Amino acid sequence: MEVISHLLDGFAVAGTPTNLLICLIGAFLGTIIGMLPGLGPINGVAILLPIAYAMKLPPESALILLAAVYSGCEFGGRISAILINVPGDAGAVMTTLDGYPMAKMGLAGPALSISAVASFTGAIIATFGIVAFAPLLANWALAFGPAEYFALMVLALSCLGGLVGDSLLKAMVGVLIGLMLSCVGIDANSGVYRYTFDLLHLSDGIPFIVVVIGLFAVSELMLMLQSHHGGVQPVEVTGRTMFNMQEFMRAKWTILRSSVVGFFVGVLPGAGASIASAMTYSMERRMAGKDHSFGEGDVRGVAAPEAANNASAYGSLIPMLTLGVPGSGTTAVMIGALTLYNITPGPTLFQDQPVIVWGLIASLAICSVMLVLMNIPLVKLFVKFLQIPNWVLVPGVAAVSMVGVYAVHGTTFDLIVGTLLGGFGFLLRAMNFPMAPFILGFVLGDMMEQNLRRALSISNGELDILVSSPISIGLWVAAIAMLVGPRLAKAIDARRNPQAAA
């Protein structure tokens, strides 16, 4: 009953006219950002974060805006995946396999509508999952001390490394660079200047917004300029715009299964929507047996990844809210948003800031309804945005990004640092380095350092405290398993079936 009472209070917060308008604007902008190839949810949230902060929105309104943009991006990614065979974000990659063939067969309308319903279902199921599991996990996490928190953050980083496939080394390099960037500034314990190069502007460290805008938005703009994209001609949406009952009945159990699996995958720190969508697509393809046309325009091949990536996106909010550990690159940016307001995410957040937590959870349900009502009738309007050439899009995004960076401290130094980080990010992305590890390392770096120091202070410098409790031992074992397990399984499969491995 207490949870229901808190949830009703959350709807009272999210249901105010101001927050409803903010949610609607965020959902609309997120859909557009999500469907534009290359931008995706991290860039969308990163671009709007400094604007929300500069507008001096209250923390609950700012978080509702960012969550709405996040949700909208997950909805919007499917539009470009289906109509131009280019996913708007990584979570929509699997949607192209059957979405674009359906569009080429004249079924673009049914593909877009069934994917919208699948996205809505995944989001709603995940919202219920947050309500059910987040308070329980928060209560369990109250038993955590500094040593347990340090082990938990190592687990988060190892989950990231264990789930990036063949890019483990590159992911770990990204994490280390992010950790190094988090060390810039005055050491809070000793007062020593670290990595400031005698620059006064770096004494407080590199601002979070500058890092996010530089590594994501600026580097993305450079990639867009390199591609010489001049607008595309999407498949025209003609004929019926809604799926029929036969198509829905064919996909209904796929939607439900993929939503549940996607939610639990999203709860794993570092897993992300791309892992969830790939996992559920493969699962549904195997379950269909010989009775499928996956890859040729099967409606289940559209529904499965869309339900999973939206459920995963919402599920990734659980470790962010309850443990203070980002479940994805986007939630890492949202943790940064909380720190801008001097709010520390973690198990006590539900007790200290119930208005923010439950207002956010309630807004997820409201935003999901807005998105499904918006995406089906307005799809032809959204398609027009796919034809925007880069010579129009890039200057607009660049102006918004730079204004947001400048608004934080009002110094040109931040603009220079953001641009330099953007160039650095561009070089790394050109070498196929994943970018999420950078921001995760940067966000977790300070928390890891502080918890490690507290643990060692308690034990007078003895490292035994890091493995002194069953919780910390379990977390260390899980970290090693997540880091080594996927590689070990791959090696075993290669030995059993050398031809398939080759």
Review point. Angle between the Cα long axis of helix 245-267 and the longest principal axis of the chain, 0 to 90 degrees, nearest 10?
Key: 10 degrees
**Study point:** Accessible solvent surface per residue of region 360-461, calculated while the other protein chains remain in place, 1.4 angstrom probe, Å²
**Key:** 44 Å²
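Which of rounded, prolate, oblate describes the chain, given a ≥ b ≥ c as roots of the alpha-carbon gyration tensor eigenvalues and a/c under 1.5 marking rounded, otherwise prolate only if a/b is larger than b/c? Walk me through the intermediate numbers first.
Working: a/c = 1.45, a/b = 1.30, b/c = 1.11.
Rounded, since a/c falls under 1.5.
Given Lys170/Lys490; Lys252/Lys490; Lys104/Lys252; Lys252/Lys380, which pairs have Cα atoms separated by over 28 Å? Before the final figure, lay out the partial values.
Values: Lys170/Lys490 18 Å; Lys252/Lys490 33 Å; Lys104/Lys252 23 Å; Lys252/Lys380 25 Å.
Checking Cα-Cα distances, Lys252/Lys490 exceed 28 Å.
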Check your understanding: Could you give the angle, 0 to 90 degrees to the nearest 10, between helix 299-315's Cα long axis and the longest principal axis of the Cα atoms of the chain?
Key -> 20 degrees
Revision key, fill the gap. Rounded to the nearest 10 degrees, the helix 390-409 long axis (Cα) sits at an angle to the longest Cα principal axis of the chain of 30 degrees
**Study point:** Per-peptide average of other Cβ atoms within 10 Å, ordering 72-84, 422-434, 51-63 highest first
**Key:** 72-84, 51-63, 422-434
Check your understanding: With every protein chain present, what accessible area does Tyr70 have (1.4 Å probe, heavy atoms only), rounded to the nearest 10 Å²?
Key -> 20 Å²
Exercise for review: Can you tell me the order of 18-30, 144-156 when each peptide is scored by its average per-residue count of other Cβ atoms within 10 angstrom, highest first?
Suggested key: 144-156, 18-30
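Leaving ligands, DNA and RNA out of it, rank Met279, Met102, Met180 by accessible area with a 1.4 Å probe, largest first. Mind showing how you got there, number by number?
Numbers: Met279 90, Met102 5, Met180 120 Å².
Solvent-accessible surface, decreasing: Met180, Met279, Met102.
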Review point. Once Lys and Arg get +1 and Asp and Glu get -1 on their Cβ, which of Val397, Thr419, Gly76 lies farthest toward the positive end of the dipole of the chain?
Key: Gly76
Point to revise | Packing rank of 455-466, 125-136, where each peptide gets the mean count of other beta carbons within 10 Å, highest leading | key: 125-136, 455-466
Check your understanding: To the nearest 10 square angstrom, how much accessible area does Asp446 have with a 1.4 angstrom probe?
Key -> 80 Å²
Point to revise | Relative contact order of the chain, pairs being alpha-carbon contacts under 8 Å that are 6 or more residues apart, as % | key: 28 percent
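The values are calculated or read from the model by the stated rules, or taken from the named source; none is laboratory data. Since we're looking at a predicted model, the values are computed, not measured. Cβ atoms come from the backbone with ideal geometry, glycine included; neighbour counts cover every protein chain shown. SASA here: full protein model, heavy atoms, side chains in, ligands and nucleic acids out. Shrake-Rupley method; radii C 1.70, N 1.55, O 1.52, S 1.80 Å.
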